[in-house]
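Below: one structure, written as structure tokens.
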Amino acid sequence: TSGYSEIVRISGPGSSPSAKTYSYTDKDVEVGICYYYKLGAVKTDGNTEWYGPVSAVVTGRKPFLRISPNPFSTSTTISFSRRGQRTEGIELEIFDVSGRKVREISLLPFNFSLAVTWDGKDDNGKFLPSGIYFCRLSQGNSTLTRKILFVK
């Protein structure tokens with residue numbers, strides 16, 4: 001197990017004689033990198049029996065941009081996907097219906113949170129009027145846009 005670290009602990013059925021299937025989705029991976037995983041089964045005597053390694057390569061990830069709640073009155077959460085481990089090159093912007101950029105949301109280079117909160121304010125900290133806004137997520141040559149309804 002040298003070189004491996006525990007990423008999740010899944011409770012098992014105890015000493016049940018029936019077969020059990022386990023699954024885990026690792027959401028913190030980067031496209032194009034080969035990852036190796038081992039499964040450790042803790043026996044009733046406390047010893048661990050190791051299975052694997054198995055390898056996996058992420059070939060692609062479907063981008064997403066979600067706004068919730070929508071419509072909102074005090075704040076909304078903007079959830080998004082990113083390519084790779086860094087947020088460099090990602091732009092998250094809010095536009096009004098005329099296409100004027102009213103808010104640019106800054107992301108730190110290693111922002112591991114894939115969600116930010118928007119409180120209905122512009123870049124100057126002033127509340128915007130109720131209305132329809134558009135959130136645009138840009139990463140390289142990929143752009144996603146979602147409509148947001150702000151209701152005071």
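Just so you know, all these numbers are worked out from the coordinates, no wet-lab data involved. On a predicted model such as this, the values are computed, not experimentally measured, just so you know. Cβ atoms come from the backbone with ideal geometry, glycine included; neighbour counts cover every protein chain shown.
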field: Potential lengthening between residue 33 and residue 146 on full extension [0.36 nm per residue; Cα-Cα distance subtracted]
entry: 37.7 nm
statement: Expected sort for 39-48, 116-125 on mean C-beta neighbours within 10 Å, highest first, is 116-125, 39-48
- request: For residue 55 and residue 10, calculate 0.36 nm times their separation in residues minus their Cα-Cα distance, and state this gained length in nm to one decimal.
  value: 14.2 nm
